[in-house]
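Below is one structure; the comments refer to it alone.
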Amino acid sequence: NLRAMGASGRASLLSGLQVDEETVRIGSKTYSLRDLVGIKALARGVEVYSCPATSVGCLSGGERAFRRERIAVEAPADVAEDVKATLRAAYPATPRRALVVVNPKGGVGNANRVFQRDVRPVLEAAEVAFEVLVTSRSREATERSRAFAAARFHADRRRTPPKMKPKGSSSPAGAASPQTSPGSGGGAPEPDFDCIVVVGGDGTVWEVVRGLWEGCRETTSTSTTSGAAARQHPTSSSLPGGDVAMRRLDDDDDDMAAKLATIPLCHVPAGSGNALAESIAHAHGDACSAVDAAYAVAKGTVVPLDLVEYELADGRAYPSFLSFEWAMLADVDLGSESLRCLGDLRFHLAAVYRICCLKRYEGTLAYLPFDDDDDDVSTYRSRARL
């Protein structure tokens, strides 16, 4: 794309700007195109925004840090426009509008500060418009994401699922817009977003995933389980016993999986447990930080994520992106809710307590050996027991 743009064309005619396939030189400063996230024209120069990776050391794991620098150049408006065009050509998947869900109660209660300090500057620099939803109660994120997915795909029933396109403009900065309450606006349709950014822990991400899952089911003509939208909010250890079946969503729900695949989801680590963000960062050799997550949004970086669906004997079903917990692990998780102020230390303390005060858990585990001749997934689903 950069060659097609003619990097040695107009760009070379502007004083103080040189562009090649990997770097952008603005005045006396050279930036890696990979690190550059945005630029703004000023009266006598430009302000350049970048997220370079820091050095790996005792106090740093190579996380990216947001930087802004002012550089004096001639024709700053033209320089800024050419740099923006270069970024758009190099990263065409950068979203234009995002829904940001902030859980102020997550972790040690600093999610709002993490958003304002680490996430918001990067999104604004990359000119990603956003609407902020600061949750005030349980399931609020689920209701909002479900309404968004349902409205989006109800409108798309007669056409193929949408791709990421530039849409809309930013909401008032620093606060939730008037549209952040589910059902507000007298039933007005939900605005379309190119992605959802979750600032919180794994529980907040699960609420959003649950809402998207329910919203996509509402608009999917072939559903394997009825009444998904009315089911109760579960937690890992509150799931009752009984028959449980597990399968990947896209085995039987191709339409639903296709819809979910069109909604990128970003987890900004700001909770007690940030397993999803940690897992994605580890798998791709990146650092796990709020700035790194915001940087991924600015660049439109997307990786596939499998979902698992658990179905109980009473007909209830739940999506999952991490694990299904029972017994001691679930007790450590939910039993440490009152220790949220300690951050991830709560899990260690709860684990030590449970080890010292062991409980007896009774259950039956039945399994089926894999049979190369039997590839009927429904057979395994109906016979598997836990």
*Take the alpha carbon atoms of region 39-154, find their radius of gyration, then divide it by 2.2 N^0.38 Å using N residues; give the quotient.*
1.35
*If R0 is 45 Å, what FRET efficiency do you get for ARG117 and THR364 from their C-beta distance, rounded to 0.05?*
0.35
*HN-Hα J couplings of region 277-290 from phi, Karplus 6.51/-1.76/1.60, θ = phi - 60°, integer Hz, Gly and Pro as x?*
4, 5, 5, 5, 5, 5, 5, 10, x, 9, 7, 9, 8, 5
*Each label point is 7 Å from the Cα along the Cα-to-Cβ direction; what then is the distance between the points at ASP314 and THR23, in nm?*
6.4
*For region 256-289 and region 193-220, what is the separation of their Cα centres, given in Å?*
12
*By how many nm would the segment from THR30 to ALA93 grow when fully extended, if each residue of separation counts as 0.36 nm and the alpha-carbon distance is taken off?*
20.3 nm
*asked:* Sort 334-342, 274-282 by packing, meaning the average of other beta carbons within 10 Å per residue, with the highest value first.
replied: 274-282, 334-342
*Whole-number Å³ per residue for the convex hull built on Cα positions in region 93-134*: 65
*Order the peptides 70-78, 349-357, 289-297 from the highest to the lowest mean number of other Cβ atoms within 10 Å of their residues.*
289-297, 70-78, 349-357
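Just so you know, all these numbers are worked out from the coordinates, no wet-lab data involved. A quick note: this is a predicted structure, and the numbers were derived from the prediction, not measured. Positions of Cβ are generated from backbone atoms using ideal geometry, with glycine treated the same way; all protein chains shown enter the neighbour counts.
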